[in-house]
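The values are calculated or read from the model by the stated rules, or taken from the named source; none is laboratory data. As the structure is a prediction and not an experimental result, all values here were calculated from the model. Reconstructed Cβ throughout: ideal geometry from the backbone, glycine too, with neighbour counts over all protein chains shown. When the accessible area is computed, the model is the full protein with side chains, heavy atoms only, and any ligands, DNA or RNA have been set aside. Shrake-Rupley method; radii C 1.70, N 1.55, O 1.52, S 1.80 Å.
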Amino acid sequence: IVKISKAKKILEIGTFTGLSTLSMALGLPNDGALIALDKDADTNLKAKNFFKKANQDKKIKTIVKPALDTLEELKKKNSIFDIIFIDADKNNYKNYYDLVINMTKTGSLIIIDNVLWHGEVADENNNEKYTKIIRDFNTYIKKDERIEQIILPIGDGLTICTKL
C-alpha cells in the first residue's frame, strides 16, 4: 500500500514492537518519513532496535507519550500525511480518527486495524465493551461523507479510507 500510493509521509498511532512500522518504512522511498506514536517506553525501545537492525531508523521518528497529546500538537503545526495508520487503544479510535481526518489531503489514506474484532462485530447479540466500541466506530466512519472506505477481511480486518 505504501509503495503503490507513493506515500512519503506516514503517521502511525500505536507502534508496540514496530512490526507495522517497519513494514511501512520499508515501502517508503529513501526521502520518506514515518512518525510512530506509542505510550510504552519499553516496547518503543524494542521497536527502535528492530528499526536500526533493518537500516530504517533514519526514516522513523518515535514519540513516546499519549497519542492524543501528540495529535493535538501535530494538528497545531498543520501537519499533513499521505498515510495515517491507526492501531492503538480501541477506546480512542473515534478520537484518533476525528483528529487525523484533517491531517490528510485529497487522496490520502487512513488505515484502521482490528475493525472485525475477531469476527465479534458481526454478532449483533455481542455487546461486550470493545466489540461495541469497534462496531460503533465502523458505523461512524461508514457515515462519514468526507471519505470512501472499504473493510478488507485480512487478519483482524483493515479499513482503508481515502479522503475525497
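Distance from the C-alpha centroid of the stretch 81-99 to that of the stretch 118-159: 13 Å, rounded to the whole angstrom. Remark: the stretch 85-91, residue by residue, has Karplus-estimated 3J(HN,Hα) of 10, 10, 8, 10, 4, 5, 4 Hz, where x stands for each Gly or Pro and the curve is 6.51 cos²θ - 1.76 cosθ + 1.60 at θ = phi - 60°. With all protein chains kept in place, the per residue accessible area of the chain amounts to 56 square angstrom at a probe of 1.4 angstrom. Dividing the mean sequence gap of close Cα pairs (under 8 Å, 6+ apart) by how many residues the stretch 1-148 holds gives a relative contact order of 21 percent. Labels on offer are (i) 1.01; (ii) 1.69; (iii) 1.34, and the one holding Cα Rg over 2.2 N^0.38 Å computed from this structure is (i). An oblate overall shape is assigned to the stretch 1-87, the ratio a/c of its alpha-carbon gyration tensor axes (a ≥ b ≥ c) being 1.5 or greater and a/b not exceeding b/c.
Listed by chain and number, the lysines placed with their C-alpha closer than 26 angstrom to that of residue 76 are 6, 8, 9, 39, 58, 59, 61, 65, 90, 94, 105, 163; residues fewer than eight positions away on the same chain are left out. Ligands, DNA and RNA left out, the 1.4 Å accessible surface of the stretch 32-164 is 52% carbon and sulfur atoms. Rounded to whole numbers, the Karplus 3J(HN,Hα) couplings from phi for the stretch 147-164 are 9, 10, 9, 9, 9, 9, x, 9, x, 9, x, 10, 9, 10, 10, 10, 6, 7 Hz, using 6.51 cos²θ - 1.76 cosθ + 1.60 with θ = phi - 60°, and x at Gly and Pro.
For residue 147, the amide hydrogen comes within under 5 Å of the amide hydrogens of 164, counting only partners 5 or more places away or on other chains and with H modelled in the peptide plane.
Counting charges near residue 137 (Lys, Arg +1; Asp, Glu -1) among other residues having Cβ under 10 Å from its Cβ returns a value of +4.
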